[in-house]
Amino acid sequence: MTDKNLLLELGTEELPPKALRKLATALHDEFVKRLNTHGLTFSDCKWYATPRRLALITTALTDAQPDRELEIKGPAVKAAFDADGKPTKAAQGWAHANGIQVEDAQRLKTDKGEWLYIKTLKKGEKTVDLIPSMFRESLAALPIPKLMHWGDKKEEFVRPVHTLCMLYGDELIEGEILGVASSKTIMGHRFMGQKQITVNSADDYLTALREQGLVIADYVERKASIKAQVEKLAASIHGVADLDDALLEEVTSLVENPHVFLANFEERFLKVPSEALVYTMKGDQKYFPIYTAEGKLLPHFAFVSNINPSDTTSLISGNERVVRPRLADAEFFFNTDRKHKLEDFHERLETIVYQKDIGTIAYRSSVVAAVAKYLAGFIGADAALCERAAYLAKCDLATTMVTEFTDTQGIMGMHYAELDGEDEHVARAIFEQYLPRFAGDAIPSAPVEMAVSLAEKLVTLVGIVGINQLPKGDKDPYGLRRAAIGFIRIVIKNGLNFNLVDAIDTTVKTLGDKVKVADTASIVNEYVFNRLKAYYQDQGIGAEIFAAVLSVRPLNLLDFDKRVKAVVKFKSLPESAYLASAYKRVNNILSKSQITNTEIKEELIKEEAEAKLVSQLKAIQPEISTYFSNGDYEKALTRLSALRDDVDGFFEKVMVNVDDAALQANRIAILRALSAIFSNTADISVLY
């Protein structure tokens, strides 16, 4: 067998930029899966993607499948021959399909009977014969939510297809996919270089595309080039570029040969809060804003072009001209809003419905204010500031700026509150009510901000559950999952100590008759704990540890977290597996006993092993109780490891269910004391 490189390229119209990487990696994974399924060996497979192509290069791909020895089982012997010993139609048909005579078949004896079978050598198929169908199947398996067809073709794909190139070494693999026949001709850059390129070999693909077509097929290389060029330009004016990865990915997917240029805008626009300017630069124009080292926006931006003219004057001025109206819009919206104070917009919230069964945003804000004031007492926040922040929190939704630039909600409210002279924590709370916005995002850390953000999330959870609108499948229109995980992170990371059940009940009472589902409080509590399980799984903490703590039903998320960390540490101890097994054994005995005695009588202790266990229990009980009272569950569980030898001796030498009723009752009492001391923190019996 010989090995050659394989090139597969599909040339298309411009592919969706936000989906390009996903499409390319999915194509790679699907094709590699089929290579393995067909037994084709190779050294490596790498994906390439530009706005107008998806490509794979598989290196050192074998030219054929290996020959395989197959054992083909036929009909049972009793069904293969009639009463006269002549082959039945079933046997003849099977033999004919496999190219043999019935009498040439071997016999296979099993526990279930005897069967006809043959051993045959199946010659491996040529790689070039397998590739078209494998590539076709891989393309069909791509995660494309909406397919399209073009012209008079019946085939469908995410975008119209123009070229197909399948090369094994320098050999063209014949075939047709998505209505296009395979050829050695591919597309170059749309505006630069040769419009069409002939690729003579898979080995020449990247070089020919780069040198003749002026296309950089390597997605990772293009992304790195854009990043380096933007950083260099920003540094040239002593600035730091905003290299948001999502924007970097999108721009990489928009160009085939990236060239980055520096442009400017009028300094007068810097009077507008920078977030609004950045929103339109990044979101609408795909530009990279540039800041000072201190984080102040500069009147410059970097943009990426798919062309590189010798005279860049028109290109740069054109981009400056395009962005100017958008910045002017932001300036106009800002100046319009600043004719009023932020609180003046609250009246408009009375006419904006949050949800038809709950009411207006203004009503919801009043509920958040009440819950925030309740939480303020536990967090150490100023209740009046919490109430003020909640009152203003949604006012920016009625402003012109947020109406036009929706992603600036919270941000503009914060700036407007600052300009109005509101307390700094009130202003920050307007923005931080939405935190965390995504996994890994920052969370509120000051008391007022925490109280408002937690109240916002509690009201969302209770309100939406209360009208029976729990998320279904992957649909979560009110963001309940995000609200729950955000609530959990804020409480645990900030070490907030309050009763979750009481907080939920208070929110239910505050919403009053808006809550229609009778058991809303318990549903919300369960929902939060389900998200808590996922929170720990993301940290690599097993479900058994979560279950061990959940069994004792803590009412406080911070307390729950302390117990989880204690159980994680306990499970790492060498004694943990034995003690978990012993605790399970104790509970099994107690579950079958009708004896409820809890008093241990010294005079009924007969065996040395039970005396040692009782003595040890008495010795460590005060210490463990203190640890437990202080919430120091890690020390409490670690201290339990001292019981191993005495528990081991008790079960080895002491019979619990003896005939003497008094003696049995006393030993049950010992086990109850042991169970009680074990169960204080978690049910460790479920750990193994």
> In the set Ala330, Ala302, Ala390, which member is under 18 Å from Phe431 (Cα atoms), touching a residue at least 24 places away in the same chain (Cβ under 8 Å), crowded, with 22+ Cβ neighbours inside 10 Å and aliphatic (A, V, I, L, M)?
Replying inline: Ala390
>> From the list Ala263, Ala235, Ala293, exactly one residue is small (Gly, Ala, Ser), more than 24 Å from Pro325 (Cβ to Cβ) and in contact (Cβ under 8 Å) with a residue 40 or more places away in the chain. Which is it?
In response: Ala293
> Restricting the search to the stretch 571-614, which residues are of a type outside the set (A, V, I, L, M), free of Cβ contacts under 8 Å to residues at least 24 places away in the same chain and within 26 Å of Ala661 (Cβ to Cβ)?
Replying inline: Asn588, Ser591, Lys592, Gln594, Thr596, Glu602, Glu603
>> I want to confirm something. Restricting to the stretch 419-432 and keeping residues that are assigned to a loop (DSSP other than H, G, I, E, B) and in contact (Cβ under 8 Å) with a residue 60 or more places away in the chain, which single residue is nearest to Arg489 (Cα to Cα)?
In response: Glu422
>> Condition first: outside any strand (DSSP E or B) and either more than 24 Å from Lys122 (Cβ to Cβ) or touching a residue at least 60 places away in the same chain (Cβ under 8 Å) (or both). Now tell me which residues in the stretch 73-104 satisfy that.
In response: Val77, Lys78, Ala79, Asp82, Ala83, Asp84, Gly85, Lys86, Thr88, Lys89
> Looking only at residues in the stretch 670-688 that are open to solvent by less than 20 Å² (accessible area, probe 1.4 Å) and among the aliphatic types (A, V, I, L, M), which one is nearest to Val586 (Cα to Cα)?
Replying inline: Leu671
> If a residue has to be in a helix (DSSP H, G or I), open to solvent by 40 Å² or more (accessible area, probe 1.4 Å) and touching a Phe, Trp or Tyr at 6+ places or on another chain (Cβ under 9 Å) to count, how many in the stretch 588-618 make the cut?
Replying inline: 1
> Can you pull out the residues in the stretch 139-185 that are under 37 Å from the mean Cα position of the chain (by Cα) and part of a strand (DSSP E or B)?
Replying inline: Met148, Phe157, Val161, His162, Thr163, Leu164, Cys165, Met166, Ile177
>> Within the stretch 573-587, take every residue that is in a helix (DSSP H, G or I) and aliphatic (A, V, I, L, M) and give me the one that is farthest from Asp645 (Cα to Cα).
In response: Val586
> What do you reckon, is Ala381 closer than 30 Å to Asn494 by Cα and open to solvent by less than 60 Å² (accessible area, probe 1.4 Å)?
Replying inline: yes
>> On the basis of being open to solvent by 10 Å² or more (accessible area, probe 1.4 Å), farther than 25 Å from Val686 by Cα and free of Cβ contacts under 8 Å to residues at least 40 places away in the same chain, does Gly512 make the cut?
In response: yes
>> So, in the stretch 144-190, exactly how many residues are within 24 Å of Val255 (Cβ to Cβ), modelled with pLDDT of 90 or more and open to solvent by 60 Å² or more (accessible area, probe 1.4 Å)?
In response: 3
> Within the stretch 1-20, which residues are out of contact with any helix residue (DSSP H, G or I) (no Cβ under 9 Å at 6 or more places or on another chain), farther than 18 Å from Cys165 by Cα and open to solvent by 40 Å² or more (accessible area, probe 1.4 Å)?
Replying inline: Met1, Thr2, Asp3
> Assuming Ala442 fulfils every condition listed in (1) on the phi > 0 side of the Ramachandran plot; (2) without any contact (Cβ under 8 Å) to a residue 12 or more places away in the chain apart from one, which condition is it?
Replying inline: (1)
> Which residue out of Val367, Val371, Val322 is open to solvent by 70 Å² or more (accessible area, probe 1.4 Å) and either of a type in the set (A, V, I, L, M) or under 32 Å from the mean Cα position of the chain (by Cα) (or both)?
Replying inline: Val322
>> Checking the structure you have, find out if any residue of the stretch 467-478 is at pLDDT below 95, over 22 Å from Gly512 (Cβ atoms), open to solvent by 10 Å² or more (accessible area, probe 1.4 Å) and outside any loop (DSSP other than H, G, I, E, B).
In response: yes
>> Given the condition within 24 Å of Lys356 (Cα to Cα) and surrounded by fewer than 19 Cβ atoms within 10 Å (Cβ to Cβ), answer yes or no: does some residue in the stretch 483-494 qualify?
In response: no
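Of the residues Leu23, Leu61, which is at pLDDT 95 or above, among the aliphatic types (A, V, I, L, M) and open to solvent by less than 20 Å² (accessible area, probe 1.4 Å)?
Every option except Leu23 fails the conditions.
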> What number goes with the only condition from (1) of a type in the set (S, T, N, Q); (2) surrounded by fewer than 24 Cβ atoms within 10 Å (Cβ to Cβ); (3) farther than 22 Å from Gly377 by Cβ that Ser445 does not pass?
Replying inline: (3)
>> Condition first: open to solvent by 60 Å² or more (accessible area, probe 1.4 Å) and out of contact with any Lys or Arg (no Cβ under 9 Å at 6 or more places or on another chain). Now tell me which residues in the stretch 111-134 satisfy that.
In response: Asp111, Lys112, Lys119, Glu125, Lys126, Asp129
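Out of all the residues in the stretch 273-290, is one or more under 29 Å from Phe332 (Cα atoms), assigned to a loop (DSSP other than H, G, I, E, B) and open to solvent by 60 Å² or more (accessible area, probe 1.4 Å)?
Scanning the stretch 273-290 turns up no residue that is under 29 Å from Phe332 (Cα atoms), assigned to a loop (DSSP other than H, G, I, E, B) and open to solvent by 60 Å² or more (accessible area, probe 1.4 Å).
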>> Within the stretch 344-363, does at least one residue satisfy the condition of being farther than 30 Å from Lys509 by Cβ and open to solvent by 20 Å² or more (accessible area, probe 1.4 Å)?
In response: yes
> Can Leu573 be described as buried (at least 19 other Cβ atoms within 10 Å of the Cβ) and among the hydrophobic types (A, V, I, L, M, F, W, C)?
Replying inline: no
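Looking at this structure, is Gly74 over 30 Å from Glu9 (Cα atoms) and open to solvent by 30 Å² or more (accessible area, probe 1.4 Å)?
Spelling it out, it is not the case that Gly74 is over 30 Å from Glu9 (Cα atoms) and open to solvent by 30 Å² or more (accessible area, probe 1.4 Å).
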> Assuming Ser253 fulfils every condition listed in (1) touching a His at 6+ places or on another chain (Cβ under 9 Å); (2) more than 30 Å from Thr336 (Cα to Cα); (3) small (Gly, Ala, Ser) apart from one, which condition is it?
Replying inline: (1)
> Is there a residue being in contact with a strand residue (DSSP E or B) (Cβ under 9 Å, 6 or more places away or on another chain) and farther than 30 Å from Leu147 by Cα anywhere in the stretch 6-29?
Replying inline: no
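The values are calculated or read from the model by the stated rules, or taken from the named source; none is laboratory data. Given the structure is predicted, the values throughout are model-derived calculations rather than measurements. Heads up, the Cβs are rebuilt from the backbone with ideal geometry, glycines too, and the neighbour counts pull from every protein chain shown. Ligands, DNA and RNA are stripped out before the accessible areas are found, and what is left, the full protein with its side chains, is counted by its heavy atoms. Shrake-Rupley method; radii C 1.70, N 1.55, O 1.52, S 1.80 Å.
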